[in-house]
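What follows is a set of notes on a single structure, which appears directly below.
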Amino acid sequence: MLHPHYSINDLGHLAVGGVDTVTLAEKYGTPLMVLDENAVRTRCRLYQSAMEKYFGAGSTIHYASKALSCKAIYRILKEEGIGVDLVSPGELYTAKAAGFDLTEASFHGNNKTDREIASAIADGIGEFMVDSFEELEAIDRIAGEMGVMQRIMLRLTPNIDAHTQKAILTGQLDSKFGTPIATGQAERLVRLALTKKNLILEGFHSHIGSQIFEYEPYIEQAKVMFEFMADMKAKTGYEAKKINLGGGFAVRYTNDQPTVDIVGNIEKIATEVDRICVSYGLRRPAILMEPGRSIVAVAGVTLYTVGTVKEIEGVRTYVSVDGGMTDNPRYALYQSRYEVLLANRAAEKKDLICTVAGRCCESGDLIGEGMALQAPVRGDILAVLVTGAYNYSMASNYNRVPRPAMVFVKDGEDRLVIRRETCEDLCRNDL
Ligand code: LLP
């Protein structure tokens, strides 16, 4: 199987974290999102111990909540002693409602409103990732009005090509995120930040993109960021206490993809960071990273019930399921690839190449094309693997489809963590 926490049990059913997924589908209905808690915790610990080991005490990760935001995940992160990156009032609210200490959180985004800034300051947010000149002014002004000294970091664009999808590339010069180093604007932003009476500048941040298999782009990024840090030290005397290298480590979605070695990558980046710091005569700052996908993606599986199986003779076979782009828009958006199988006949040979289609009135509502699958019949349970990241968090109510339920499994036990949306829920705000 693609990952060790997926297995086939004695009944020939797909099990996740030791729990029979067919039983889960019967108990909770479909579509159903299933997340293996131990797989999440293992990745938190892998990151955390590698960050401390190779970058030293004080270096840590902030989980990028956009990958999956719900109370249950924040509670796990809290137990694991990991901070979070939040990007919206909704994510802030959810983290707070889960009892998460917001002093361990950073607030991201390219367009934070004055009201969001004030509310995050009132909640004691750890630090703002300042995206622009305008935002720097706004945070300083609002912090001043509230009588708070606010910690900030500056989000910079290092102009790195991370060989990933254009839609999820963020570190290049022409980006809606951050302030570019190459144009000299980042230097001006640092100089301005240092004059602000209500702000404490902690350091610099950059994020080069997502689903990145190679470690080399991170080395390039580190070079640019530390060169900038050295340049600022020489020109202004300011030495950053923290450098945040963002997230982006890839995960294995399909059998033909490699597994990214999280610890090995961190070790390689750390070796290079040490070398660069020595060459520039810098004290090594605390290093932060912001993984999202690589914490939760592989932990997740989506279960659907197969409905219509339609063969267009000489063309292809459509296998329709009871969800689709409303719970997983990633094929529609990025042509993302997944592995699928029939959870109730998992041990059988995959003898059909098909297109798995969602239920929406939209031709592009597909889970994937050219997918190998056991030839299904109506009522079979179809599992899509590696759906823990950017599935539930990107879900929508298109066609007035209610969002699925989510179940966490751990050590053979299951528990409901997000109840299934009802049609009444959908009408909640209708007047
Ligand atoms: N930090 C920042 C500033 C980010 O913008 C992101 C992701 C991350 C960290 C986490 O990156 P990760 O470790 O998850 O790759 N919806 C797309 C992915 C968008 C990523 C947006 N930013 C997808 O489904 O592939």
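The values are calculated or read from the model by the stated rules, or taken from the named source; none is laboratory data. As the structure is a computational prediction, the values presented were derived from the model and not from experiment. Glycine gets a Cβ as well: all are built from the backbone with ideal geometry, and neighbour counts include every protein chain shown. All accessible areas refer to the heavy atoms of the entire protein, side chains included, with ligands and DNA or RNA removed. Shrake-Rupley method; radii C 1.70, N 1.55, O 1.52, S 1.80 Å.
Here are the numbers for this structure:
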{"read-out": "J(HN,Hα) series, the stretch 204-215, from Karplus relation 6.51 cos²θ - 1.76 cosθ + 1.60, nearest Hz, glycine and proline x", "value": "10, 10, 8, 9, 9, x, 9, 6, 9, 7, 8, 9"}
{"read-out": "Relative contact order (%) - the chain, alpha-carbon pairs under 8 angstrom, separation at least six", "value": "20"}
{"read-out": "Of all accessible heavy-atom area on the chain, the percent that carbon and sulfur account for (1.4 Å)", "value": "50"}
{"read-out": "Long-range HN-HN contacts of ILE200 with modeled amide H, under 5 Å", "value": "GLN150, ARG151, ILE152"}
{"read-out": "Summed side-chain charge close to THR179 - residues other than THR179 whose Cβ falls under 14 Å, Lys, Arg +1, Asp, Glu -1", "value": "-2"}
{"read-out": "Leading residue at positive end of dipole, the chain (Cβ point charges), from TYR218, THR302, THR254", "value": "TYR218"}
{"read-out": "Net charge of neighbours whose Cβ lies under 14 Å from the Cβ of GLU272, counting Lys and Arg as +1 and Asp and Glu as -1", "value": "-2"}
{"read-out": "Estimated dipole of the chain in Debye, rounded to 20 [Cβ of Lys and Arg +1, of Asp and Glu -1, Cα centre]", "value": "560"}
{"read-out": "Dmax and Rg, reported as Rg then Dmax, of the stretch 108-291 (C-alpha, Å)", "value": "16.8, 55"}
{"read-out": "Anisotropy class of the stretch 4-120 from Cα gyration tensor, a/c 1.5 cut", "value": "oblate"}
{"read-out": "Nearby lysines by direct alpha-carbon distance to LYS233 (threshold 28 angstrom, same-chain neighbours under 8 apart not counted)", "value": "LYS53, LYS176, LYS196, LYS197, LYS223, LYS241, LYS242, LYS268"}
{"read-out": "Whole-number accessible area per residue in Å² for the chain, which is evaluated in the context of all protein chains at 1.4 Å", "value": "41"}
{"read-out": "Mean-position separation - Cα centroids, the stretch 70-142 and the stretch 318-378, in angstrom", "value": "36"}
{"read-out": "For the stretch 253-267, Karplus couplings with θ = phi - 60° (6.51, -1.76, 1.60), whole Hz, Gly/Pro x", "value": "8, 10, 4, 7, 9, x, 9, 6, 8, 4, 5, x, 5, 4, 4"}
{"read-out": "Rounded to whole Hz, the Karplus (6.51, -1.76, 1.60) HN-Hα couplings of the stretch 332-345, x for glycine and proline", "value": "4, 8, 10, 6, 5, 9, 9, 9, 10, 7, 8, 5, 8, 9"}
{"read-out": "Sequence of LYS197, LYS242 when ordered by accessible area, the most exposed leading, probe 1.4 angstrom", "value": "LYS197, LYS242"}
{"read-out": "Sequence-distant residues sharing a close amide H with TYR238 (under 5 Å, placed H)", "value": "none"}
{"read-out": "Simple spin-label estimate for GLU26 and THR422 in nanometres, 7 Å along Cα-Cβ", "value": "2.5"}
{"read-out": "Cut-off under 5 Å, modelled amide H: who pairs with THR305 long-range", "value": "ASP322, LEU382"}
{"read-out": "Mean separation of Cα contacts under 8 Å, 6 or more apart, over the residue count of the stretch 108-291: relative contact order %", "value": "19"}
{"read-out": "Charged-residue dipole, Cβ positions (Lys, Arg, Asp, Glu), the stretch 257-359 about Cα centre, Debye nearest 20", "value": "160"}
{"read-out": "Residue-level accessible surface for LYS71, protein heavy atoms, 1.4 Å, Å²", "value": "90"}
{"read-out": "The chain: equivalent-ellipsoid semi-axes (sqrt of 5 x gyration tensor eigenvalues, Cα, Å)", "value": "41, 23, 20"}
